Amino acid sequence: MIGDKLGLAGVAGASRIITTMSLKAKLEAIIYAAETPVTLDQLIELVKESVLSEGAADGTEVKSRVRLALEELIADYYAPDHGIEIRQVAGGYRMSTKAEHHDIVRAFAKSLKPPIRLSLPALETLAVIAYKQPITVPEISEIRGVDSNGVIATLLDRKLITTAGRKAVIGRPILYKTAKEFLMRFGLKDVGELPSMEEFEKLVAESFQSDLLPATSGASEIAKTHDSEPAEAADESELATAKHQESDPAA
């Protein structure tokens with residue numbers, strides 16, 4: 001019997017190990033099954049009842065146990081014999097392939113389904129919004145040198161951008177920013193993790209498996225361009241574009 005070999009202290013220790021392993025397994029299953037990043041609060045809520053039944057004194061201890069189990073789980077997947085990892089993305093946790101395996105996974109994905117593509121104007125506009133958000137359509141058009149209303153509709157449909165209120169100027173033009181889907185698509189915890197412009201252009205092309213390279217004539221100037229002067233009036237087509245696309249802000 002375990003008790004005969006380990007004594008009471010040993011049994012208690014073994015019990016704690018089993019409990020921790022059980023909790024880690026539950027967290028692993030939840031993160032694996034989720035289609036979107038799972039927040040710490042969601043994880044706690046999902047396992048709270050079982051953790052309390054396993055001896056946690058209160059909600060504070062539940063949170064502490066979940067944090068500890070999650071940290072151990074992340075460390076487990078960090079080991080080189082795992083091809084996937086658990087990362088913090090868009091305010092939550094999700095499983096993703098490790099960077100060193102992206103090439104082979106991308107090749108596999110291409111063999112399964114047609115690639116997802118964005119046009120060069122859409123890629124360029126997405127880059128402008130990513131680095132200048134929140135920003136209005138007139139400001140985007142001024143940076144790119146061409147009208148951007150059409151591609152805004154495409155990016156809204158793809159849920160890569162979202163509205164961010166209205167600018168406090170005459171006409172109150174709509175402001176745009178990147179959405180949670182943008183963070184998920186590029187595996188970013190938040191916009192503070194955005195790489196350099198050159199790296200971002202490469203990342204965009206790879207992420208959408210596009211056979212077109214992002215235009216550098218306009219996009220590469222984004223990081224150098226000063227914020228443009230506020231627009232005095234909102235473009236009617238811009239208002240129509242976003243009217244039905246109000247969505248939740250990016251996390």
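The values are calculated or read from the model by the stated rules, or taken from the named source; none is laboratory data. Since the model is a prediction, treat every value here as computed from it, not as a measurement. Note: ideal-geometry Cβ built from the backbone for every residue, glycine included; neighbour counts use all protein chains shown.
For the stretch 146-195, what are the residues that are in contact (Cβ under 8 Å) with a residue 40 or more places away in the chain, part of a helix (DSSP H, G or I) and more than 30 Å from His102 (Cβ to Cβ)?
Matches in the stretch 146-195: Asn149, Ala153.
Could you check the stretch 26-137 for helices (runs of 4 or more DSSP H) lying wholly inside it with 2 or more residues that are under 25 Å from Glu198 (Cβ atoms) and in contact with a Phe, Trp or Tyr (Cβ under 9 Å, 6 or more places away or on another chain)? Spell out the reasoning first.
Details: elements: 40-53, 59-78, 102-112, 120-132.
Because the criterion is at least 2 residues that are under 25 Å from Glu198 (Cβ atoms) and in contact with a Phe, Trp or Tyr (Cβ under 9 Å, 6 or more places away or on another chain), the helices (runs of 4 or more DSSP H) in the stretch 26-137 that meet it are 120-132.
For the stretch 23-64, how many residues are surrounded by 14 or more Cβ atoms within 10 Å (Cβ to Cβ), among the hydrophobic types (A, V, I, L, M, F, W, C) and without any contact (Cβ under 8 Å) to a residue 24 or more places away in the chain?
6
When only residues in the stretch 165-195 that are surrounded by fewer than 16 Cβ atoms within 10 Å (Cβ to Cβ) and of a type in the set (A, V, I, L, M, F, W, C) count, which is nearest to the chain's Cα centre (by Cα)?
So the residue we want is Val191.
Name the residues in the stretch 64-112 that are touching a Pro at 6+ places or on another chain (Cβ under 8 Å) and among the aliphatic types (A, V, I, L, M), would you?
Correct list: Val89, Ala90.
Of the conditions (1) assigned by TED's automatic domain parsing to the domain that holds Leu188; (2) on the phi < 0 side of the Ramachandran plot, Gly145 clears all except one; give me its number.
So Gly145 meets the others, but not (2).
Which one of these is more than 22 Å from the chain's Cα centre (by Cα), at positive phi and not assigned by TED's automatic domain parsing to the domain that holds Lys159: Gly91, Gly59, Gly55?
When all the criteria are applied, what remains is Gly55.
Could you tell me whether any residue of the stretch 101-124 is at pLDDT 90 or above and closer than 30 Å to Thr163 by Cβ?
Among the residues of the stretch 101-124, not one is at pLDDT 90 or above and closer than 30 Å to Thr163 by Cβ, which makes the answer no.
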